[in-house]
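The values are calculated or read from the model by the stated rules, or taken from the named source; none is laboratory data. On a predicted model such as this, the values are computed, not experimentally measured, just so you know. All Cβ positions, even for glycine, are placed from backbone atoms using ideal geometry, and neighbour counts span all protein chains on display.
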Amino acid sequence: MSPPATSSTAPPRRLPADGARADSVPLRLTVARGALGIELYEPLDLGPLRVQHLAASLPGLSFPLDLSGGVKVFRHRRGELEAIELGVDFEELAVWASHRLRETGSLSRVSLRPLAGGAGIGVGLLGSAQAVGFDLLWAPIDDEARFVVARARGVGLAGAALGYALRALDSVLGRVLTRSGRLVSFPRAGLSVARAVMPAVGARAPSAGHGRFGTLEVDQGVAKVVLDSTFAPPALAPDAARALELAELVAEADDALAAGRIDDARKLYMAALEQAPRHPEIVGLVAELDSAVGGRAEAALGLLVESVQARSAGTVGAELLARVGDFEGARDAIADAASAEEFGPLAALMWRRLAELETDGRARLDAHDEAVARAPALAEVRWARFDARLGRGDIDGALADAEHLEAAATGSLERHEVCRRAGERLLGDGYVQDAGKMFERALRYLPDDPKATAGVARSLLEMGKPDRAVALLERAVALGEKKSSREGRALLELGRVLAEHLRDLPQAIARVRQIPPSDPLAIEARALEGRWRAALGDIAGASLAYGRLRELVEAAPSPEAKPTAQWLAEAGKFERETLDDPIAAERHLATAIRLVPQDRRIGAAYRDVAAVVAARSRRGRPTADRPNPETERPRSTSSPPPDPRDSMLAVELEAKVRANPDDVHAVTELAEVFERIGRDRELFALLAARLDESDGEFRAELVSRARATLQRLIEAATADENLEEAAAFHKAIEDLAD
């Protein structure tokens, strides 16, 4: 009972919700193949699936029949499914799938396209600087609709592209379809759909079905497939047949990969390679898994080249070649893969990756041009070209990209963000006037935005117009406070203007102190506060500000190395020269060296101050930089200054102990470092804090080390004639004995 060819343009009905019946019954009686039947003659939507036509035979009836009662008489008889035509609109399905993926991950933009010759569906997943492409090859068996995943590939991923593809399918398919490995199936698809549709339109569901699926056809963006009881078993396309064989071989490994059990997946893929030696797809998967693990590039590349040429292995081969230093081969591999890629955004991100590997400026810009050409609406690649053009001094080209991004953005908020972002980058590269214009454009969309207002002010400052800038910076600060958020950049720049142009240091300090510790600019703010307090003569306040600076640096995950190190060096110089406190200076400089270990000037300053700290610790003189020849022996040449690496290690261990005070190994190691660099007061504080909570051999070790530390402190206090402090240390030794 084949479905009739229809060209109805009427919009399809949607399946009534909650078991409700349709208002009208889109069914009619038919006589075909020598039997009476009933058929659905209007399209009906079932979720993203469209039921174009459905026909069932009504067995057990013999002619002549009284048909005067029409459908009402026969619709409650149980029939047998004879034919069903299903369709899906690619655009509607992509929207539906994107909505489901937004709830589960970053790869939430879905693109669908037909594969040549009705082979299946090409799927693209797009996220921020990430993309995955894979094919769903049509491979039905009888009345079971099946697709097999093939050719998974991606860029910007933290693992194998196939894993991302399988997890995305799990998120989208729900409970209707099942996935085993890379095989996606809908068992008894026709009968399941019929049993969902027929009762909803007022007919009894068919009891059985014995049809087979035919080929997949695509017409004007709609994929269609017919199940019919007269069809012969389908002939599988060669690609689908090979993919099915591979799916059966690696099903368990694929499931482990989809579940995130990477080590198990690799072992299972290697076991599959024993059964199918040098299988290029399995080898490629293992290499892709290994490429995501540090230190395995050479091994992964060696495995890969046993089966395929690395230059023909797409982005996986390219990344491995780049890691072993073969950048020419990596560029060739990406260029070949990008040129052959059908999914435009994925190809664009491949071209962008190629631009990152290019060493020639012209070739790099050509790669960016290719990226934009493949996906003109993809903001990530256009921003990359904007930066590249800006770096080459092509300001007109960069502004053209910014205008395109602004035009492509939707809504005032997005367009504001584009203009403000472009303004920040232009200002950072010194294009002051163009940056000011971009900030002004941003304010057209959001007139009360504090960041854009501050951007205009910063542009005016760069153009030498501080008077106009002050008013805008004050407005930016007020706007930020109105929105219950401090605008750190505006406060910082306002402080600079007050200090450098208006010579109002107290008010400048007040402004930068408003920047909270959570703001990334807080480090610079504390440095400026310390500098300005020192200029005012507020020595204690400056020392406190510099101390807060160091605390922020030690707590920050990744501060800007060079400027931060220079501020710490400035803090160290202040503590050494103004306060004569080499211990505080040493701590500032040790933190600076950790950021810039190759900086010779900071290294020399640290070694100099560390020598002073060591000499004072040995001589027991906490107030003099140089030993008094009448009361002290010269420093032995066999006792060199502390190694700078010890002070850097002390900073790291202090942070580790603060994070986990019960880490016995870290406490012991920190105590040893403190002892080596002569920081006995801090050493005793560390030991005393842990004595009450320790027992056994570790407590005995702490007591012994604390007693020796106190003895050195007594000697230092006695040499300095600080008898009160020496007595306190004696009392602490007695407490240890008790």
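So is residue 228 acidic (Asp, Glu) and buried (at least 17 other Cβ atoms within 10 Å of the Cβ) or not? Walk me through how you get there before you give the answer.
Details: acidic (Asp, Glu): yes; buried (at least 17 other Cβ atoms within 10 Å of the Cβ): yes.
Criteria met by residue 228.
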*Provide a single number: the residues in region 173-194 that are closer than 30 Å to residue 290 by Cβ and either in contact with a Phe, Trp or Tyr (Cβ under 6 Å, 6 or more places away or on another chain) or surrounded by 21 or more Cβ atoms within 10 Å (Cβ to Cβ) (or both).*
3
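Has region 295-308 got any residue that is under 27 Å from the mean Cα position of the chain (by Cα), at pLDDT 90 or above, surrounded by fewer than 19 Cβ atoms within 10 Å (Cβ to Cβ) and not assigned by TED's automatic domain parsing to the domain that holds residue 39? Outline the logic, then answer.
So in region 295-308, the residues under 27 Å from the mean Cα position of the chain (by Cα) come out as 295-301.
Checking which are at pLDDT 90 or above leaves us with none.
Scanning region 295-308, I find no residue that is under 27 Å from the mean Cα position of the chain (by Cα), at pLDDT 90 or above, surrounded by fewer than 19 Cβ atoms within 10 Å (Cβ to Cβ) and not assigned by TED's automatic domain parsing to the domain that holds residue 39, so the answer is no.
For every residue, the table says whether it meets (1) farther than 30 Å from residue 651 by Cα; (2) aliphatic (A, V, I, L, M); (3) not assigned by TED's automatic domain parsing to the domain that holds residue 579.
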| position | (1), (2), (3) |
| --- | --- |
| 466 | yes, no, yes |
| 502 | yes, yes, yes |
| 511 | yes, no, yes |
| 514 | no, no, yes |
| 523 | no, yes, no |
| 540 | no, yes, no |
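Residues that are assigned by TED's automatic domain parsing to the domain that holds residue 240 and over 26 Å from residue 245 (Cα atoms): list the strands (runs of 3 or more DSSP E) wholly contained in region 85-148 that include at least 2 such residues.
109-114
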_All positions within region 554-579 that are of a type in the set (Gly, Ala, Ser) and either part of a helix (DSSP H, G or I) or modelled with pLDDT of 90 or more (or both)_ = 555, 561, 565, 569, 571, 572
*If you scan region 330-380, which residues turn out to be surrounded by fewer than 19 Cβ atoms within 10 Å (Cβ to Cβ) and among the β-branched types (Val, Ile, Thr)?*
359
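Looking at 552, 579, which is the one that is closer than 30 Å to residue 656 by Cβ and in contact with a Pro (Cβ under 7 Å, 6 or more places away or on another chain)? Before the answer, list the steps.
Values: 579 fails: in contact with a Pro (Cβ under 7 Å, 6 or more places away or on another chain).
Step by step, each of 552, 579 is checked, and only 552 is closer than 30 Å to residue 656 by Cβ and in contact with a Pro (Cβ under 7 Å, 6 or more places away or on another chain).
Whether any residue in region 248-268 is surrounded by fewer than 18 Cβ atoms within 10 Å (Cβ to Cβ), touching a Phe, Trp or Tyr at 6+ places or on another chain (Cβ under 7 Å) and not hydrophobic (A, V, I, L, M, F, W, C) is what I want to check. Before you say what the answer is, go through the steps one by one.
Within region 248-268, the first condition is being surrounded by fewer than 18 Cβ atoms within 10 Å (Cβ to Cβ), and the residues that meet it are 248, 251-252, 259-264, 267.
In the following step, the residues that additionally are touching a Phe, Trp or Tyr at 6+ places or on another chain (Cβ under 7 Å) were identified as none.
Scanning region 248-268, I find no residue that is surrounded by fewer than 18 Cβ atoms within 10 Å (Cβ to Cβ), touching a Phe, Trp or Tyr at 6+ places or on another chain (Cβ under 7 Å) and not hydrophobic (A, V, I, L, M, F, W, C), so the answer is no.
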*Test for residue 180: is it under 21 Å from residue 240 (Cα atoms), in contact (Cβ under 8 Å) with a residue 60 or more places away in the chain and of a type in the set (Ser, Thr, Tyr)*: yes
*Name, by its number, the condition in (1) at pLDDT below 75; (2) in contact with a helix residue (DSSP H, G or I) (Cβ under 9 Å, 6 or more places away or on another chain); (3) surrounded by fewer than 16 Cβ atoms within 10 Å (Cβ to Cβ) that does not hold for residue 711.*
(1)
*Odd one out for residue 59 among (1) surrounded by 17 or more Cβ atoms within 10 Å (Cβ to Cβ); (2) at pLDDT 70 or above; (3) assigned to a loop (DSSP other than H, G, I, E, B)*: (1)
*Out of region 149-163, which residues are in contact with a Leu (Cβ under 8 Å, 6 or more places away or on another chain), in contact (Cβ under 8 Å) with a residue 24 or more places away in the chain and outside any helix (DSSP H, G or I)?*
149, 150, 153, 154, 155, 156, 159, 160
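Quick grid of which residues meet (1) in contact (Cβ under 8 Å) with a residue 12 or more places away in the chain; (2) aromatic (Phe, Trp, Tyr); (3) crowded, with 17+ Cβ neighbours inside 10 Å:
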position	(1), (2), (3)
653	yes, no, yes
670	yes, no, yes
686	yes, no, yes
691	yes, no, no
699	no, no, no
*So which of 569, 522, 565, 545 ends up being out of contact with any Asp or Glu (no Cβ under 9 Å at 6 or more places or on another chain) and either closer than 27 Å to residue 601 by Cβ or of a type in the set (Phe, Trp, Tyr) (or both)?*
522
*Hey, does region 237-245 have a residue that's of a type in the set (A, V, I, L, M) and outside any helix (DSSP H, G or I)?*
yes
_Number of the condition not met by residue 340 [criteria: (1) over 22 Å from the mean Cα position of the chain (by Cα); (2) under 16 Å from residue 364 (Cα atoms)]_ = (2)
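Return yes or no: is residue 261 under 21 Å from residue 149 (Cα atoms) and either out of contact with any helix residue (DSSP H, G or I) (no Cβ under 6 Å at 6 or more places or on another chain) or modelled with pLDDT under 85 (or both)?
Details: under 21 Å from residue 149 (Cα atoms): yes; either out of contact with any helix residue (DSSP H, G or I) (no Cβ under 6 Å at 6 or more places or on another chain) or modelled with pLDDT under 85 (or both): yes.
Here the answer is yes, as residue 261 does meet what is asked.
Scanning region 343-366 for residues that are over 21 Å from the mean Cα position of the chain (by Cα) and in contact (Cβ under 8 Å) with a residue 24 or more places away in the chain, which turns out farthest from residue 156 (Cα to Cα)? Talk me through it step by step, then tell me what you get.
Filtering region 343-366 down to residues over 21 Å from the mean Cα position of the chain (by Cα) leaves 343-344, 358-366.
Restricting the remaining residues to those that are in contact (Cβ under 8 Å) with a residue 24 or more places away in the chain gives 343-344, 358-359, 361, 364-365.
Values: 343: 15, 344: 15, 358: 17, 359: 20, 361: 23, 364: 18, 365: 20 Å.
Ranking the qualifying residues of region 343-366, first place goes to 361.
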